1. Output wanted: per-residue J couplings in Hz (rounded whole) for region 112-121, from phi through Karplus 6.51 cos²θ - 1.76 cosθ + 1.60, θ = phi - 60°, x for Gly and Pro.
2. What is the spin-label model distance, in nm, from THR75 to ASN122 if the labels are put 7 Å beyond Cα along the C-beta direction?
3. At 0.36 nm per residue, and after removing the present C-alpha to C-alpha distance, how many nm does the segment from GLN57 to LYS33 gain when stretched out fully?
4. Under a plain spin-label model, where a point goes 7 Å from the Cα along Cα-to-Cβ, how far apart in nm are MET178 and LYS137?
5. How many percent of DSSP beta bridges within the chain run antiparallel, rounded to 5?
6. Among residues other than GLU126 whose Cβ falls under 9 Å from its Cβ, what is the net charge (Lys/Arg +1, Asp/Glu -1)?
7. What order, most packed first, do the peptides 35-45, 66-76 have when packing is the mean number of other Cβ atoms within 10 Å of each residue?
8. Compute the Rg to Rh ratio over the chain from the alpha carbon atoms, using the Kirkwood formula for Rh, and round to two decimal places.
Amino acid sequence: MTDVAGSTEIMFVLDRSMSMAVVRQQVINGFNKLIAEQRVLKTPCFVSLVQFDHEYQEDFMHMPLADVPDLTALTYVPRGNTALNDALGRSVTSLGTKIDAMAVAERPERVIVVVHTDGAENASKEFTSAQLRAMVKEHQEEGGWLFVFAAANIDAFAAGDSLGVSKGATAGYQGSKMGTEALYGATSQAVLRSRQMSHTQYGSVVRGAAGASLFNAAEVNAMATGDVSMLGGVAGTSPASSEDPIVAARKAAAKRSPVGVKRR
């Protein structure tokens, strides 16, 4: 095996609960820009999109990157509560089943699961955090899946850890319009980098090895403060950070303006 990445599957698990209404356009714009930026890299890539509130919706699974449709005001409509655990559990199960059914040669070499939420779990009925933690660990260890967890208005690192997501692949972002814009800019850069990493680098991030962080310090600060000017102009060009992401996030949080707590 060469130390060069092959095909990638990117699955987005996107919160569309009612509190996301205030950043609806930023989510739409951010998602569409992220997809456009991923097309710069010509290695094979497939995308899956799941939206959730208290209900679960699969928009598409394993769609070629070139065919991914734009998110619009008609296809992203915030509503309802936050069944985060059920959405992650069902989406991972669904994608895993689909990949298992493929011929070995057709399976993506890397799977990146990006979870975006602006608040705490409050409506799941099927999956517990303990069940998800075991599921995430299994897919990390046996399939090399990379789980990315981005959250606002909660302790993102505690919530991500409860699900088994490494702190190096966790992001706390400011739940404002600018913070949401920064989140998608930083995530696009991080995902593009992860698609180009050597197998050794990628494996370190998946395992949460010491010093292995998906996001660099500028991206962490941009997400926490909502200052998009901190992001690089070309996705994928900035190296990952060696600074502990929790330390970096706390430094950034000390600079930012307070934001409201998510309420239902």
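Rule-based calculations on the coordinates, nothing more; no lab input. Model, not experiment: these values are computed from the prediction. All Cβ positions, even for glycine, are placed from backbone atoms using ideal geometry, and neighbour counts span all protein chains on display.
1. 10, 9, 10, 9, 10, 9, 10, x, 7, 3
2. 2.9 nm
3. Details: separation 24, 0.36 × 24 = 8.64 nm, distance 2.18 nm.
Full extension of this stretch gives 6.5 nm more.
4. Distance between the two pseudo-spin positions: 4.1 nm.
5. 20 percent
6. Net charge in that neighbourhood comes out at +1.
7. On the way: 35-45: 15.7, 66-76: 13.1.
Result, highest mean first: 35-45, 66-76.
8. Using only Cα positions, Rg/Rh for the chain is 0.92.
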